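The structure appears below as structure tokens.
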Amino acid sequence: MLILVTYDVNTQDRDGRKRLRRVAKQCTNYGVRVQNSVFECVVDPAQLKLLKKALTDEIDEKKDSLRIYNLGNRTKSNVEHFGAKTAIDVEGELIF
């Protein structure tokens, strides 16, 4: 299934900047960055559960925000891309 992970981590202090890096690192383990705080990830239900746990362990729920959108299995019909950045085939190989 394709999921979209978005986050807003408060970076006003050193701990916040560390959390931001750790959240981004967890996301790169599962998907591809498509915008600064947005990742597209193709995961199975077990991976989704692991990713949710990893991300919720990293954020400070009083200061940060995390959203995970499940776009389902029909990714080609659910995602449209416009603009300068090259669209990424999230179902393809992630070797650059």
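The values are calculated or read from the model by the stated rules, or taken from the named source; none is laboratory data. From a predicted model like this one, the values you see are computed outputs, not experimental measurements. Ligands, DNA and RNA are stripped out before the accessible areas are found, and what is left, the full protein with its side chains, is counted by its heavy atoms. Shrake-Rupley method; radii C 1.70, N 1.55, O 1.52, S 1.80 Å.
Excluding ligands, DNA and RNA, what is the solvent-accessible area per residue of segment 2-72 at a probe of 1.4 Å, expressed in Å²? The partial results should precede the final answer.
Numbers: 4360 Å² over 71 residues.
Per-residue value: 61 Å².
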For segment 49-55, just list the computed ³J(HN,Hα) in residue order, Karplus coefficients 6.51, -1.76 and 1.60, θ = phi - 60°, integers in Hz, with x standing in for Gly and Pro.
4, 5, 5, 4, 4, 4, 6
